[in-house]
1. Under a crude label model (7 Å from the Cα following the beta-carbon direction), how far is His114 from Leu62 in nanometres?
2. Taking neighbour Cβ counts within 10 Å as the exposure measure, how do Asp16, Asp86 sort from fewest upward?
3. Subtract the Cα-Cα distance of Val43 and Asn5 from 0.36 nm times their separation in residues, and report this length gain in nm to one decimal.
4. Two decimals is fine: what's Rg over Rh for the stretch 3-136, C-alpha atoms, Kirkwood radius as Rh?
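Just so it is clear, none of the values below were taken in a lab; they were calculated from the coordinates. Predicted model, so just to flag it, every value in this text is computed and none were measured. Counting neighbours? That spans all protein chains shown, and the Cβs are built from the backbone with ideal geometry, glycine included.
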Amino acid sequence: MDPRNTDTNAMAFMGDAVYEVYIRRMLIRQGVRGAHRLHNKAVHFVNASAQARALRAISDELSEEEAIIVRRARNHRTATRAKHADPVTYKLSTAFEALLGYLYLSERPARAEHFMERAAILLRGGEEKHGKEKDEK
């Protein structure tokens, strides 16, 4: 199987799983306890808006090959409608997932890990702000 010829929806499907596992592992390593609390923290990282922001933040680091995958995924027509995101945000989020799926299927987990780590660092800052707002209420 050549990941470059894989359907972008399939790559996004794989990338979604890879990113979810990465985030769950990160939260457990940070000492977050309890299924409800783990879920609430994970949602901050894996929602469409967060993933779209992550893709924008890493876009200048993409190789030409990776940029092609992102464009293919972003421009892919889909009948699926996002429940909690506008169409542009949803497409960017799907492109982020497809990139991670492509890297995973290409057996380049270190490259995928690099982008997931960058995304987590970026989003962790937003999580702290979000958490403070919640605590103040």
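1. With each label point 7 Å from Cα toward Cβ, the separation is 1.5 nm.
2. Asp86, Asp16
3. Contour length minus Cα-Cα distance gives 10.6 nm.
4. That ratio is 0.97, to two decimals.
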